[in-house]
Amino acid sequence: MSTRATSITPRVACIEAGGTKMVVSIGTTVAEIRDNRHVITTRDPSATTREIQEWFASQNTVGDIDAMGIASFGPLDNVDCRISAFSPKVEWRGWDWLPLASEFVPRDRVGFDTDTNGAAWAESLWGATASSAVSVYLTVGTGIGGGIISSGEILRGLTHSEMGHVMVRRHPEDSFAGACPVHGDCLEGLASGTAIEKRWGVPGTQLAPDHAAWVFESFYLSEMLATVAAIVAPERVILGGGVMDVPGLREESRRRYREAFVTSGHPAIEILAPALGHDSGLLGAFALGRARAQR
Ligand SMILES: [Zn+2]
């Protein structure tokens, strides 16, 4: 464990913890973190964290780590560095990241939050929302999540937000029951990658860009944009995540939002792609760790 005084440019060990892969890195700058990224396939918690531990231990710079940042899939516990006991990923329920982190840094040097809050923060520091006082990052992938940044900080209340589980109006031609195990037809239940696959019988990656699926998808995303705009009124909203790789989907969601809502008084928020690509979660972990080192 590092006992040296924190350097001016702290060296941060980063973990972006995802359901299918974990991305790890060590570095002092954004460029260094991106250059050193290493991907580990997510298996059961013990095997996965052992592999992460071994990778960190194999790095020449491991003795000079000032802090660790972990941006993890949720839901998370309200305290400590734990996955929630209600996580749909059954074997990860209640998983505590601290024993792994404590092998490398003291407990108060561990920054921890959701992967979406981390990504939202990273984009606001170095990416698409860098000049916004208030911004929102929405990720549409297997699930749907979001983070709010206000005056340079992640907005947190009793716990992290659960923006994927808001209720949206139904598309009049959509009879799909919904895929959320808790709510059925919340936003995630209607518009996540999981919902698309359940509704159409194949993953979204196998549906043509002019498939009816994307009419429903842009409808639901524009409903969500209206909700976000009404509650937060951010200057910019990032629409990221794997589902947003469909050509034209972001543009169509933006167009429908403007047509259905801005014309009746909703704010003309800017709707953007992530600027950090698939590194926003990893750089979120960097931001979370760096903040701990600089306290
Ligand atoms: Zn739900």
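What follows draws every value from the coordinates through simple rules; no lab data is involved. Predicted model, so just to flag it, every value in this text is computed and none were measured. Using ideal geometry, Cβ is built from the backbone for each residue, glycine included, and neighbour counts are taken over all protein chains shown.
If I fit a long axis through the Cα atoms of helix 115-126 and take the longest principal axis of the Cα atoms of the chain, what angle between them do I get, 0 to 90°, rounded to 10?
Between helix and principal axis, roughly 80 degrees.
Of the options 19, 205, 70, report the single residue whose Cα projects farthest towards the positive end of the charge dipole of the chain (beta-carbon charges: Lys, Arg +1; Asp, Glu -1).
After comparing all options, I get 70.
Which residue, 60, 36, 117, tops the fluctuation ranking in a GNM of the chain built on C-alpha contacts under 10 Å?
60
What ranking do 220, 137 get, fewest neighbouring Cβ atoms within 10 angstrom at the top?
220, 137
Of the candidates 56, 104, 86, which one comes out as most mobile in a Gaussian network treatment of the chain with C-alpha springs shorter than 10 Å?
86
Within segment 1-70, which trypsin sites (Lys or Arg not before Pro) sit in a loop by DSSP and count at most 10 neighbouring Cβ atoms inside 10 Å?
Sparse-neighbourhood loop trypsin sites (Lys or Arg not before Pro): 4.
Quickly work out the residue 133-to-residue 211 label distance, labels modelled 7 Å from Cα along the C-beta direction, and quote it in nm with one decimal.
Here the answer is 4.3 nm between the modelled labels.
Kirkwood-based Rg over Rh for the chain (C-alpha set), two decimals? Working shown, then result.
Numbers: Rg = 19.2 Å, Rh = 19.6 Å.
Across the chain, the Cα-based Rg/Rh ratio is 0.98.
Only loop residues by DSSP count here, and only those with at most 14 other Cβ atoms within 10 Å; note down the chymotrypsin sites (Phe, Trp or Tyr not before Pro) in segment 230-294 that meet that.
In loop regions of segment 230-294 (DSSP not H, G, I, E or B), there are no sparsely surrounded chymotrypsin sites (Phe, Trp or Tyr not before Pro).
Taking 8 Å as the Cα distance limit and 6 or more residues as the minimum spacing, I'd like the relative contact order of the chain as a percentage.
Over the chain, the number comes to 23 percent.
What percent does the relative contact order of segment 128-274 come to when contacts are Cα pairs within less than 8 Å and at least six residues apart? Walk me through the numbers before you get to the answer.
Working: 238 pairs, mean separation 40.4, N = 147.
Across segment 128-274, relative contact order equals 27 percent.
Over segment 102-195, what relative contact order in percent results from Cα pairs under 8 Å that are six or more residues apart?
Worked out over segment 102-195, it gives 22 percent.
Which value in deg cm²/dmol, rounded to the nearest 500, describes the helix-derived mean residue ellipticity at 222 nm for the chain, given -39,500 (n - 2.57) per DSSP H run of n ≥ 4 and division by the residue count?
Here the helix-only value at 222 nm equals -10000 deg cm²/dmol.
What is the dipole size for segment 32-137, taken about its Cα centre, with +1 at each Lys and Arg Cβ and -1 at each Asp and Glu Cβ, in debye to the nearest 20?
220 debye
Where Lys and Arg each count +1 and Asp and Glu each count -1, what net charge lies around residue 166 among other residues with Cβ under 14 Å from its Cβ?
-2
Tell me the angle of helix 213-232 to the major Cα principal axis of the chain, expressed in degrees between 0 and 90 and rounded to the nearest ten.
On a 0 to 90 degree scale, this one is about 70.
Tell me the Kirkwood hydrodynamic radius of segment 174-283 in angstroms, computed as one over the mean inverse distance between distinct C-alpha pairs. Can you show the working numbers first?
Values: mean 1/r = 0.0683 Å⁻¹.
One over the average 1/r among Cα pairs gives 14.6 Å for segment 174-283.
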